[in-house]
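Right, one structure below, let's go through it.
The values are calculated or read from the model by the stated rules, or taken from the named source; none is laboratory data. Computed from a prediction, not measured in an experiment: that's the story for all the values here. Reconstructed Cβ throughout: ideal geometry from the backbone, glycine too, with neighbour counts over all protein chains shown.
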Amino acid sequence: MEDIGLLLNYIEDEVRTKKGALFGSVNKDAILNYVQRIRESLPDALSEKRIREETLKAQNIIALAEKRREEMLSQNQIVVEATKRAEQILQETYAKQNEYATTTMQNIYKMLSDINDHLQVAKDSIEKAMKELQP
């Protein structure tokens with residue numbers, strides 16, 4: 001972006017130094033007066049104070065954006081850690097489930113084995129009683 005003050009200087013120099021037919025019908029003083037009025041009415045936005053204020057605002061916006069980014073990263077980190085913990089809990093649950101299933105199967109096997117032993121004793125008793133009852 002070009003410097004407005006510098007451009008106004010160029011206009012003033014051109015008007016003051018040029019002579020001839022082109023500027024013969026032009027009121028040089030009026031043009032120079034307009035240039036001066038433009039200079040005086042340049043917007044606040046070009047002042048050093050305004051530039052500092054806008055820079056400070058921009059820095060504040062950047063700081064807020066950085067803070068929000070950090071918060072989002074932190075929240076993302078919390079989600080990642082929660083996901084890892086959930087996976088760990090799931091693995092522990094599967095391990096417990098397998099342990100309980102194994103223990104249950106062992107207990108059922110023992111119960112069936114005990115029942116089988118009792119049934120065998122009962123069968124032997126029944127067979128002995130039947131032999132004794134045979135004529």
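I'd like to verify a number: residues in the stretch 44-75 that are farther than 30 Å from G5 by Cβ and either modelled with pLDDT of 85 or more or hydrophobic (A, V, I, L, M, F, W, C) (or both), how many?
Residues flagged as farther than 30 Å from G5 by Cβ and either modelled with pLDDT of 85 or more or hydrophobic (A, V, I, L, M, F, W, C) (or both) within the stretch 44-75 amount to 12.
Write out, first by first residue and then by second, each pair whose Cβ atoms fall under 9 Å of each other, whose residues are 6+ apart or on separate chains, and whose first residue, in the stretch 51-69, is part of a helix (DSSP H, G or I) while the second is loosely packed, with under 10 Cβ neighbours inside 10 Å and of a type outside the set (D, E, K, R).
Pairs that qualify, where the first residue is part of a helix (DSSP H, G or I) and the partner is loosely packed, with under 10 Cβ neighbours inside 10 Å and of a type outside the set (D, E, K, R), are I51/A45; E54/A45.
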